[in-house]
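Comments concern the structure below.
The values are calculated or read from the model by the stated rules, or taken from the named source; none is laboratory data. This is a predicted model, so every value here is computed, not measured. Note that each Cβ is placed from the backbone with ideal geometry, even for glycine, and that neighbours are counted across all protein chains shown. Just the protein is used for accessible areas: all its heavy atoms, side chains included, with ligands, DNA and RNA removed. Shrake-Rupley method; radii C 1.70, N 1.55, O 1.52, S 1.80 Å.
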Amino acid sequence: MGKNDAHLDDTGTELNLPRMLEQRGVSRRDFMKFCTAVSAALALPAGFAPKVAQALDEVKRPTLVWLEFQDCAGDTEALLRSANPTVAEIVLDILSVDYHETIMAAAGHQAEEALTKVVKEQKGKYIAVVEGAIPLKDGGVYCCVSGKAAVDTAREVCGGAMATLAVGTCASYGGIPAAAPNPTGAVGVKDAVPNATVVNLPGCPLNADNLTATVVHFLLFNKLPAVDSFGRPLFAYGKRIHDNCERRPHFDAGQYVEKWGDHGHQKGFCLYKMGCKGPETYHNCPTQRYNEKTSWPVASGHGCVGCSQPQFWDTMTPFYHRLPHVPGFGIEATADKIGLGIAAGTAAAFAVHGVISACRKGDTSEGAKED
Ligand code: SF4
Ligand code: F3S
């Protein structure tokens with residue numbers, strides 16, 4: 001963790017990325033595979049991978065601190081279990097992770113000192129990652145770390161960061177802790193620290209490849225990726241699940257699973273009638289997939305539950321009731337017709353969402369105009 005011995009050579013000089021990867025047993029070939037995958041995730045032009053590799057070879061490692069508040073640690077799990085060959089290690093080696101409660105060796109005062117040191121000595125130069133919601137009710141007493149309310153820590157750490165990445169739906173929008181009746185007054189980072197520059201990477205859990213790609217984008221271009229009105233990078237959340245879903249031809253043909261385990265389920269028919277929220281959810285799950293790209297919820301036979309949308313859980317439950325207004329349902333319809341109906345609904349949702357638009361103020365991203 002951090003600038004420890006694993007990142008120094010015999011003379012105490014910091015190793016560059018290629019040397020570090022070599023030490024960790026990551027071959028150049030595997031590294032190039034990683035660069036190709038990240039380029040694809042960012043939708044960079046074909047042949048960009050060598051440029052990504054070169055830039056990462058030369059980049060000065062920024063410091064990163066990872067805060068955990070009202071969460072289940074699922075996003076940390078997702079990062080640590082991300083694809084072979086050791087993508088997580090590559091990410092951690094690109095960054096200097098100076099504080100992460102779950103995986104750091106230090107504890108107690110020693111750990112808190114590491115955090116204070118970063119905030120004090122690297123103001124405006126470090127990246128903050130936040131996992132979990134932040135409770136505001138009753139002065140924030142419902143989540144305290146080291147005797148300090150999460151909201152105070154978030155204001156101090158995210159307020160002084162170069163950028164904050166809110167990972168997972170809880171950190172992005174409040175998520176499950178914010179579900180009605182929201183007893184602790186839980187909110188996402190942007191609502192708790194309005195002056196911070198925040199990129200939301202929702203999902204339950206987040207897809208670690210999207211975090212990696214966001215960090216790489218930042219290192220390559222020295223700015224955050226373009227975002228939508230909910231503060232989500234367009235490269236990962238710009239397209240609707242329903243439009244990339246492998247079961248979509250069945251939706252268009254009116255072929256639906258009617259009951260778990262029935263003929264349609266065995267044949268891979270559309271899960272819309274079983275409550276799939278893919279028609280109202282924006283995320284790259286069908287293309288990016290999870291667990292080394294082996295699968296994603298719909299491929300495994302369960303509908304999307306809309307975990308990356310704001311106000312998940314309240315707006316997406318009950319999970320097994322079908323969405324009430326999906327154009328094209330039950331008839332042969334063109335993708336364009338269906339897309340038009342949904343796009344109109346989404347534009348309206350974007351228009352009424354005032355909170356995240358505040359994120360644009362002073363935003364360094366290239367996406368300020370792109371939704
Ligand atoms: Fe895929 Fe769900 Fe859309 Fe059916 S409703 S095509 S399963 S995203
Ligand atoms: Fe979440 Fe739906 Fe993807 S449930 S992980 S947004 S398929």
Compute the distance in nm between two label points, each set 7 Å from the Cα along the Cα-to-Cβ direction, one at ALA180 and one at PHE319.
1.9
Over 27 Å between C-alpha atoms is what I'm after, so list which of LYS239/LYS293; LYS117/LYS148; LYS33/LYS223; LYS125/LYS293; LYS148/LYS277 land there.
LYS125/LYS293; LYS148/LYS277
With a probe of 1.4 Å, find how much accessible area the range 5-237 has per residue, and write the answer as a whole number in Å².
40
How big is D for the range 5-237, in µm² s⁻¹ as a whole number, if Stokes-Einstein is applied with the Kirkwood radius of its Cα pairs at 20 °C and 1.002 mPa s?
118
So what is the relative contact order for the range 116-238, in percent, with contacts set as C-alpha pairs under 8 Å and at least six apart?
24
So what's the convex hull volume per residue for the Cα atoms of the range 185-263, in Å³?
166
At a 10 angstrom cut-off on C-beta neighbours, averaged per residue, how do the peptides 16-25, 266-275, 126-135, 235-244 rank from highest to lowest?
126-135, 235-244, 266-275, 16-25
Ratio of alpha-carbon Rg to the 2.2 N^0.38 Å globular estimate for the range 83-217, to two decimals, please.
1.04
